[in-house]
Amino acid sequence: MSAANCSAHPFLQPGAGSGSGPLLLQPLWDRTRVLIQSPFFPIIFGLTTYLGFCLPFVVLDALSPWTPALRRYKIHPDFSPSVQQLLPSLGQTLYQYAVFVFPLTLLQWASRAPRLPTDAPELLELVCHILLCLLLFDAEFFAWHALHHKVPWLYRTFHKVHHQKPPSFALATQYMSLWELFSLGLFDTVNVTLLGCHPLTVLAFHVVNIWLSVEDHSGYDFPWSTHRLVPFGLYGGVVHHDLHHSQFTCNFAPYFTHWDRLLGTLR
């Protein structure tokens with residue numbers, strides 16, 4: 001669901017942070033700036049980040065039937081995805097990157113080459129923009145998600161694909177229709193453009209967003225899971241999203257809980 005996770009082309013947006021970058025980020029940006037200039041970088045970055053985050057959970061799922069200590073952290077202790085479930089999920093992701101994300105990235109590249117700033121962003125600017133992007137994406141996807149559950153035609157036509165993998169597992173994160181993939185990518189593109197995010201901030205945001213999306217679908221509730229680190233129940237996390245996949249009528253926000261709390265859909 002996440003899906004910043006799905007659209008890599010916002011990396012090519014020009015950055016607004018042209019002030020003096022801190023020493024901590026400038027060396028990183030100097031190296032990254034060279035890589036971003038390749039039209040192949042966005043799809044390689046997006047795909048390897050997503051699969052890299054999924055792989056540890058795939059390994060844990062393979063080990064869990066023989067590891068009782070590991071099953072205690074599974075939301076559904078008796079469930080482990082089979083090869084027949086994993087391969088279609090992986091195939092769907094690879095297919096959509098090949099036929100949708102990659103051509104769209106090349107099209108944007110051909111229409112407007114990236115203009116990259118020389119200086120890295122300030123660290124505080126980077127952190128604030130990532131948080132704002134997450135909050136904006138959370139609100140946009142909440143509205144999109146609730147609408148696609150409330151309107152039967154939208155659910156059947158577009159969103160039902162994502163709910164064909166209950167219980168959820170990491171590689172099912174991006175198992176979705178092309179319309180859902182496009183919508184999530186559009187939200188990301190609009191948000192980073194509105195905020196004038198530096199390209200390095202956009203990359204960092206995508207890493208965070210991809211991780212949170214995969215964690216939400218992983219089926220594992222560890223002591224260090226994100227929802228346990230954020231106080232006051234402000235962040236729903238994997239337990240919050242698993243309830244959505246099992247009950248369908250609640251917990252429409254992907255990450256935070258305030259929209260569901262305000263509109264009475266929090267469980």
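The values are calculated or read from the model by the stated rules, or taken from the named source; none is laboratory data. As the structure is a computational prediction, the values presented were derived from the model and not from experiment. When we count neighbours, we look across all protein chains shown, and the Cβ atoms used for this are built from the backbone with ideal geometry, even at glycine.
For segment 226-252, taking the residues that are aliphatic (A, V, I, L, M) and either within 24 Å of Lys160 (Cβ to Cβ) or free of Cβ contacts under 8 Å to residues at least 24 places away in the same chain (or both), the one that is surrounded by the most Cβ atoms within 10 Å (Cβ to Cβ) is identified as Val238. Checking each residue in segment 150-207 for being hydrophobic (A, V, I, L, M, F, W, C) and closer than 20 Å to Val238 by Cα picks out Val161, Phe169, Ala170, Leu171, Ala172, Met176, Leu184, Phe205, Val207. Of the residues making up segment 160-194, those that are in contact (Cβ under 8 Å) with a residue 60 or more places away in the chain, in a helix (DSSP H, G or I) and touching a Pro at 6+ places or on another chain (Cβ under 9 Å) are Ala170, Leu171, Ala172, Gly185, Asp188, Thr189, Val192, Thr193. The residues of segment 157-182 that are of a type in the set (S, T, N, Q) and surrounded by 21 or more Cβ atoms within 10 Å (Cβ to Cβ), listed by number, are Ser168, Thr173, Gln174.
So that you can scan it fast, the table gives a plain yes or no per residue for (1) in a helix (DSSP H, G or I); (2) surrounded by 14 or more Cβ atoms within 10 Å (Cβ to Cβ); (3) of a type in the set (Asp, Glu):
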position: Ser64; (1), (2), (3): yes, yes, no
position: Pro81; (1), (2), (3): no, yes, no
position: Leu86; (1), (2), (3): yes, yes, no
position: Leu90; (1), (2), (3): yes, yes, no
position: Leu94; (1), (2), (3): yes, no, no
position: Ala98; (1), (2), (3): yes, no, no
position: His129; (1), (2), (3): yes, yes, no
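For segment 128-143, a tally of residues being over 15 Å from the mean Cα position of the chain (by Cα) and free of Cβ contacts under 8 Å to residues at least 60 places away in the same chain returns 2.
Condition check ((1) modelled with pLDDT of 90 or more; (2) polar (S, T, N, Q)) across all residues:
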site	(1), (2)
Gly15	no, no
Ser18	no, yes
Gly21	no, no
Gln26	yes, yes
Pro42	no, no
Leu47	yes, no
Phe57	yes, no
Leu70	yes, no
Lys74	yes, no
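Among the residues of segment 105-127, the ones that are under 23 Å from the mean Cα position of the chain (by Cα) and assigned to a helix (DSSP H, G or I) come to 10 in all. Taking the criterion of being surrounded by fewer than 21 Cβ atoms within 10 Å (Cβ to Cβ), in a loop (DSSP other than H, G, I, E, B) and either of a type outside the set (Val, Ile, Thr) or at pLDDT below 95 (or both), would at least one residue in segment 195-214 satisfy it? Yes; the residues of segment 195-214 include at least one that is surrounded by fewer than 21 Cβ atoms within 10 Å (Cβ to Cβ), in a loop (DSSP other than H, G, I, E, B) and either of a type outside the set (Val, Ile, Thr) or at pLDDT below 95 (or both). Tally time: how many residues in segment 216-225 are part of a helix (DSSP H, G or I) and over 12 Å from Lys74 (Cα atoms)? Matching residues across segment 216-225 total 1.
Flag set for Cys133, criterion: buried (at least 19 other Cβ atoms within 10 Å of the Cβ) and at pLDDT 95 or above.
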